[in-house]
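Okay, so here's the structure we're looking at.
The values are calculated or read from the model by the stated rules, or taken from the named source; none is laboratory data. This is a predicted model, so every value here is computed, not measured. Methodologically, a virtual Cβ is constructed for each residue, glycine included, from the backbone with ideal geometry; neighbour enumeration extends over all protein chains shown. These accessible areas exclude ligands, DNA and RNA; they are computed on the full protein's heavy atoms, side chains included. Shrake-Rupley method; radii C 1.70, N 1.55, O 1.52, S 1.80 Å.
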Amino acid sequence: MGVDSALERTVEKILQNTEQQIVSSLKEALKSSQATLANSQATLEQEHDKILAEGKKEAEKLEKQIIGNADLDSRNKQLLLVEESIEKVFEKAIAKLQSAERGSDYSKLISSLLQESIDTIGTSEIIIQTNSKDKSVVQSLLSKFSGATLSSDAIECLGGIRVQSKDGTMKFDNTIDARLDRLKPLIRKDIASKFGR
Amino acid sequence: MSAQGGVQYSKIAEIKGPLVIVDGVESVAFDELVEIQTTDGQRRLGKVLEVGNRKAIVQVFEGTTGLSVSGTSAKFVGKVMEMPVSEQVLGRVFDGLGRPIDGLPDPIAEKFIDINGAPMNPEQREYPRDFIQTGVSVIDGMLTLVRGQKLPIFSGSGMSHNILAAQIARQAAVVGTSDEFAVVFAAIGVQYSEAEYFRRSLEESGALKRSVLFLNLADDPAIERIITPRVALTVAEYLAYDLGMHVLVILTDMTNYAEALREISAAREEVPGRKGYPGYLYTDLSTIYERAGRLRDKKGSVTQMPILTMPSDDITHPIPDLTGYITEGQIVLGRDLFRQGVYPPVNILMSLSRIMKDGIGEGRTRGDHQEISNQNYDAYSRAQEVRALAGIVGKAGLTGVDLKYLEVGDGFEKEFLTQGVDENRTIEETLGLQWKVVSLLPKNELTKVKDKFIDQYYKER
């Protein structure tokens, strides 16, 4: 009997200890799980924020890209339209110059172009070339420029003259076409400003 | 600009390499623009290099291939080479001589500016200040680019300098201000694929809108390369000083520029200097690099980032050597890092941004910027020493602290230095990474930063 009760007490004690150990382990596990969960929560939040930030960055990049390209496209279309209009203005101006009257003012213009050419080239011993339409105007001015002769060959141009030294080493292009070409960048700007550019 | 043109001379005495010698000329000026007309009516541009005894030496930009003494004529235009400029140049692509190659018309010019630029009055210069964010950690964090600075990248053949250049062009921005920012990108003697990469890279990122591209390809005449950086800088100066923008000019590859200079020098039979480059290479380079800066009472700035490839990775080669004398520091790309697959492979121990201190700190980037940068320099240099030591005695012979420094070396290269080609890091992110790297060390090893910053940013790992 006495042995049985001692055994029972011992078993009881062991069971109590085991229970305490299990409860304590469970508490520890709960605590550790809660800590892990809390840590994971922070990591999760960090990851969440990181993903959001990266997404925002990517969205901003895409926005910049789409807006940038659209702006550029519309600007380029505008440039092409302005250029088209400028070319039309030039075409009309050239047509007007081609059909211009060869009156006394024109003769004065040719005379000044001749003088300018002689000054630039540095000799009056020159051969003058012009288009077939202006040959008579130039011919009538030759007496004022000794040493200058008119070439029998006509050149293709809107008007004006092209001169060459008689030894053939120097040439000077003083045609209306060449002058227009040289001033084209400035004229383009003036025309564009009329379109509000 | 006047309507009066120049005289056309048809007496060509000699054609030698890229040079044409015109005889019997009068009233011709040094640096005057020349139009060379070929027998088939083709026109090429050039400029007067020397005048004397009624002879003019003309350097033909588009090369002299196909020209013959008879039938070729030279028209002296009566002005120096000018670049038409206006706000319309933004978003445009030009060739090496400044002619549009994007299928759009010539920009309507607001002004015509001499491409040689007006020298900056030293008294009017303002000290470079304020930060330019490139989005590349190693540059922003440790080699900060400052507005008005000239900071070259020294690279080597085949390395990733062009990828880095394109990334900087896409990402660069001024922070904390509403001032406008622009990038002028000049590619000098690059391959077609590289030029296309630059163009596409800017187009696809939407950055082309605020950029101007000048593309001189490898198969374009070498002589054009003399002009490309000058037209690019002319546009940059206009955007900066007339329109008040902050402009970053990227010039790649300046080695090709110097080679073109050598070609002309050889054709002129000048006495060669080191490695055949002309004796005036330093002076010539300075006429390009010194066009960076800020001017008093002007809002904008011109910042330059020239890129050059060092032949045989030789930093003592005349081009990097002379460049280094003129510029305010250098970013050196390392072959070892490149081989390890690190991008961008910047060797920070050979690199330096001399005026970084004036562009960073409280109110510009962050109060701890200089100190954390110094700490990273210190830690990485120590890591390199430990790596060398480990190579001799093995890891087993290292102390605990030494092993920590080895970790720092790896962390620095993998976490801070290594970056995606499209990864644009803010300065906050960059500084955060710098702290992360040094946080591998115990606190007592951080001797370059104040305690208050350690308390604020150090996170033990």
*Quick one: B:V77 ticks every box in (1) at the interface with chain A (Cβ under 10 Å from one of its Cβ atoms); (2) open to solvent by less than 20 Å² (accessible area, probe 1.4 Å) bar one, so which box is it?*
(2)
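Please give the strands (runs of 3 or more DSSP E) falling wholly within segment B:282-351 in which 1 or more residues are over 29 Å from B:Q384 (Cβ atoms), in contact (Cβ under 8 Å) with a residue 40 or more places away in the chain and open to solvent by less than 20 Å² (accessible area, probe 1.4 Å).
Filter on segment B:282-351 gives B:293-295, B:301-310.
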*When you go through (1) open to solvent by 30 Å² or more (accessible area, probe 1.4 Å); (2) more than 11 Å from every other protein chain (Cβ to nearest Cβ) one by one for B:S27, which number turns out not to apply?*
(2)
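So that you can scan it fast, the table gives a plain yes or no per residue for (1) of a type in the set (G, A, S); (2) closer than 28 Å to B:R147 by Cβ; (3) modelled with pLDDT of 95 or more:
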{"residue": "B:V235", "(1), (2), (3)": "no, yes, yes"}
{"residue": "B:V249", "(1), (2), (3)": "no, yes, yes"}
{"residue": "B:I264", "(1), (2), (3)": "no, no, no"}
{"residue": "B:E269", "(1), (2), (3)": "no, no, no"}
{"residue": "B:G273", "(1), (2), (3)": "yes, no, no"}
{"residue": "B:E290", "(1), (2), (3)": "no, yes, no"}
{"residue": "B:G293", "(1), (2), (3)": "yes, yes, no"}
{"residue": "B:D297", "(1), (2), (3)": "no, yes, no"}
*For B:A13, which of the numbered conditions (1) closer than 24 Å to A:R182 by Cα; (2) within 13 Å of another protein chain (Cβ to nearest Cβ) fails to hold?*
(1)
*Quick one: A:Y106 ticks every box in (1) loosely packed, with under 11 Cβ neighbours inside 10 Å; (2) in contact (Cβ under 8 Å) with a residue 12 or more places away in the chain; (3) assigned to a helix (DSSP H, G or I); (4) not polar (S, T, N, Q) bar one, so which box is it?*
(1)
*Which of the residues belonging to segment B:106-125 are closer than 19 Å to B:L295 by Cα and either within 14 Å of chain A (Cβ to nearest Cβ) or more than 21 Å from the chain's Cα centre (by Cα) (or both)?*
B:I113, B:N121, B:P122, B:E123, B:Q124
*Looking at this structure, is B:V85 in contact with a Gly (Cβ under 6 Å, 6 or more places away or on another chain) and of a type in the set (A, V, I, L, M)?*
no
*Six or more apart or on different chains, Cβ under 6 Å: which pairs go from a residue in segment A:181-197 that's facing chain B (nearest Cβ under 7 Å) to one that's open to solvent by less than 60 Å² (accessible area, probe 1.4 Å) and at pLDDT below 90? Could you list them?*
A:R182/B:A3; A:R182/B:G5; A:L183/B:A3
_Would you confirm, using the coordinates I've provided, whether B:I223 is more than 14 Å from chain A (Cβ to nearest Cβ), more than 17 Å from the chain's Cα centre (by Cα) and buried (at least 24 other Cβ atoms within 10 Å of the Cβ)?_
yes
*Residues (in contact with an Asp or Glu (Cβ under 7 Å, 6 or more places away or on another chain) and open to solvent by 10 Å² or more (accessible area, probe 1.4 Å)) located in segment B:181-207*: B:G189
*Across segment B:169-180, what is the total count of residues that are over 14 Å from B:Y197 (Cβ atoms) and open to solvent by less than 10 Å² (accessible area, probe 1.4 Å)?*
1
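Being in contact (Cβ under 8 Å) with a residue 40 or more places away in the chain, in a loop (DSSP other than H, G, I, E, B) and of a type outside the set (A, V, I, L, M, F, W, C) is the filter here; which residues of segment B:87-104 pass it? First the steps, then the outcome.
Applying the first criterion (in contact (Cβ under 8 Å) with a residue 40 or more places away in the chain) to segment B:87-104 yields B:87, B:89-98, B:101.
Remaining after also requiring in a loop (DSSP other than H, G, I, E, B): B:90-91, B:96-98, B:101.
Within segment B:87-104, B:G91, B:G96, B:G98 meet the criteria.
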